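Below is one structure, written out as structure tokens; the observations come after it.
The values are calculated or read from the model by the stated rules, or taken from the named source; none is laboratory data. Treat the numbers as computed from the prediction; the structure is a model and nothing was measured. Here Cβ is always computed from backbone atoms with ideal geometry, including for glycine, and neighbour counts include all displayed protein chains. Please note that ligands, DNA and RNA were not included when accessible areas were found on the heavy atoms of the full protein model with its side chains. Shrake-Rupley method; radii C 1.70, N 1.55, O 1.52, S 1.80 Å.
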Amino acid sequence: MLNSYSSADKVLLAVDCIIFGFDEEGLKILLIKRDFEPEKGKWSLIGGFLKKEEVLDTAAIRILDRYTGLQDIYMEQLYAYSEINRDPVERTISVAYYALINIENHNKELTQNYHAQWFSVAQAPKLIFDHDSMVEHAIRRLRYRTSIKPVGFELLPEKFTMRQLLELYEAILSKELDKRNFISKINSLDILIKLEEKDMMSSRKGSYLYTFDKEKYDAKLLDNFVLNL
């Protein structure tokens, strides 16, 4: 048995993190410039290698914290990428995660301390290796998740307007939605709390602010439903 292990091929295992955020300009992705060869100076996902004493989730959390300072954010394992020549230096398998964060809460820390930069998903630069394919895969997963799970708790500020929630869904799905139909279906989920406060910046009359009912939101994450937006 020991001989079987010693004769087995050894490969590197990387963890790459696809971090999505949302603001008034739309859906964005967080990228960094690679600081070593190959592809030094080019844009990349945030990533690193698995350590012997780690499980994958722990590695993803460590890598995010090291390069961004972000902790306690929503993160989900996406897929494993094992093309033979995906890394020109050495055979490397990558397990990708995607994460969702609120830009407003983290932007100053990220841009000043960690040299990461936000890009519009639609206008992001070309990435190294197969990272563009990872991003496309993550967007498809996020769109699918939007159809079966509520989205917004991780991406919106604590208080938001219905218009902001609509714009988030439109940004993720990359299409315009019927406002009345959207509001009706979101209200049917019973996950929002309408506040007495208004956002007076949106119109003369102002727009009511909402917040998520965390308990109902979390419960709805366990349900199976189709939103059909």
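With only the Cα atoms considered, the range 165-220 has a convex hull volume of 102 Å³ per residue.
Applying the criteria of a DSSP loop state and at most 10 other Cβ atoms within 10 Å to the trypsin sites (Lys or Arg not before Pro) of the range 182-229 yields 204, 205. Only one residue of 80, 63, 31 has its Cα farthest out toward the positive end of the dipole of the range 26-92, where Lys and Arg carry +1 and Asp and Glu -1 on Cβ, and that residue is 31.
Largest first, the extents of the alpha carbon coordinates of the range 129-201 on the three principal axes equal 49, 23, 20 Å.
Database remark: amide H of residue 18 closer than 5 angstrom to the amide H of 97, 98, 99 (H placed geometrically; neighbours at sequence offset of 5 or more, or on other chains; Pro and chain starts carry no H). Short-range pairs are left out: with C-alpha atoms under 8 Å and at least six residues apart, the relative contact order of the range 100-229 is 28 percent.
Volume per residue for the chain equals 157 cubic angstrom (convex hull of Cα atoms).
Scaled to the globular estimate 2.2 N^0.38 Å, the Cα spread of the range 1-125, given as radius of gyration, is 1.17.
Extension gain for residue 215-residue 177 works out to 11.0 nm (0.36 nm per residue, less the C-alpha to C-alpha distance). Which FRET efficiency value, to the nearest 0.05, is calculated for residue 202 and residue 57 with the Förster distance at 41 angstrom and r the Cβ-Cβ distance? In this case the efficiency is close to 0.55. Charged neighbours of residue 26, selected by a Cβ distance under 11 Å, balance to -4 (K, R count +1; D, E count -1). The listed residues 50, 27, once ranked by accessible area (1.4 Å probe) with the largest placed first, stand as 50, 27. For the chain, adding -39500 (n - 2.57) for each run of n ≥ 4 DSSP H residues and dividing by the number of residues yields -10500 deg cm²/dmol at 222 nm.
Each residue, residue 193 and residue 84, gets one label point 7 Å from its Cα in the Cβ direction; the gap between the two is 5.7 nm.
Can you give me the angle between helix 162-173 and the longest principal axis of the chain, using Cα atoms only, in degrees from 0 to 90, rounded to the nearest 10? Roughly 30 degrees, rounded to the nearest 10.
Other residues within the sphere of radius under 12 Å centred on the Cβ of residue 63, judged by their own Cβ, net out at -1 (K and R +1, D and E -1).
Each residue of the range 179-196 was assigned a 3J(HN,Hα) from its phi angle through the Karplus expression (A = 6.51, B = -1.76, C = 1.60, θ = phi - 60°), giving 4, 5, 4, 4, 4, 4, 6, 5, 5, 5, 6, 6, 10, 10, 10, 7, 9, 7 Hz with x at Gly and Pro. Spin-label model, residue 6/residue 126: points 7 Å from Cα along the beta carbon direction are separated by 4.6 nm. Per the Debye calculation on the range 96-221 with a single equal scatterer at every Cα and no solvent contribution, log₁₀ I(q)/I(0) for q = 0.10, 0.13 Å⁻¹ amounts to -0.38, -0.65.
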